[in-house]
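Below: one structure, written as structure tokens.
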Amino acid sequence: MSATAGFSEQSAAGGWRYDGIAKAFHWLVVAMLVVQYSVALVLGLILPKSAEDGLAAWHFAMGSSILVVMLARLAWRLTHTPPPPPADLSPGLQLLSRATHWVFYIVLIVLPVLGWFAASAHGATVRLAGLIPLPLLVPKDDPFGKAMQTVHPVIAITLLAVIALHISGALYHAFVKRDGVLQRMLPGRNFERDGKSA
């Protein structure tokens, strides 16, 4: 049974889960981030310098794609109510969970935009999904854009810390609380109020 406008659904046993679209957005962004960080942090270290232009183009393409997906995900989140937190979760942890959730949205939208500024100041064309050329946001060698070349990687590393916090929270719910919160986002799983999945 649908609970609201589609972001959360209620199972036959009375539990709550994220709907398929919300789950698809979540895991798509996870996959894109794995690819993006692999390109930026791993392949850049092991591939020869001659591959830098190709890696940069791939990085720009993936970053712009993440921006589009996150804007769509934000639109879905603002128009669909997520499942409620477990009733026994403390107010402090509920606040931390909400704060982490919104930090993800903000950073994953702002970070690609800053990268776009940085690429523009470098004179590079960002292509959405590697296909559609996007306009330069600032002229080449623009001071603000050049500054973003320093700010962008700092925020990217900060995002890793937020991801670690998010994973820690998921593991806390899975192995300490055992309240089924993690299962709500897993594909094909329902969340039951007694902490069991159906």
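Arrange the following residues from fewest to most other Cβ atoms within 10 Å of their Cβ: K23, K140, K49. All intermediate terms of the calculation are to be shown ahead of the outcome.
Numbers: K23 17, K140 12, K49 7.
Starting with the residue having the fewest Cβ neighbours, the order is K49, K140, K23.
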Subject >> Extension reserve of the V42-I157 stretch, reckoned as 0.36 nm per residue once the Cα distance is removed >> reply: 40.0 nm
**OP:** Would you mind ranking S38, S120, S90 by Cβ crowding within 10 Å, fewest neighbours first?
**Re:** S90, S38, S120
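Fewest Cβ neighbours within 10 Å first, please rank D88, D19 accordingly.
Numbers: D88 8, D19 19.
Taking fewest neighbouring Cβ atoms as first place, the list is D88, D19.
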Subject >> C-alpha long axis of helix 91-121 to longest principal axis of the chain, angle in ° >> reply: 20 degrees
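Report the per residue volume, in Å³, of the convex hull enclosing the C-alpha atoms of the chain. Display every interim value, and only then the final one.
Values: hull volume 26.9 nm³, N = 198.
Output value, Cα hull per residue: 136 Å³.
Every number in this text was worked out from the coordinates using simple rules, so none of it is lab data. Just so you know, these numbers come straight off a predicted model, no measurement behind them. All Cβ positions, glycine included, derive from the backbone under ideal geometry; neighbour counts span all protein chains shown.
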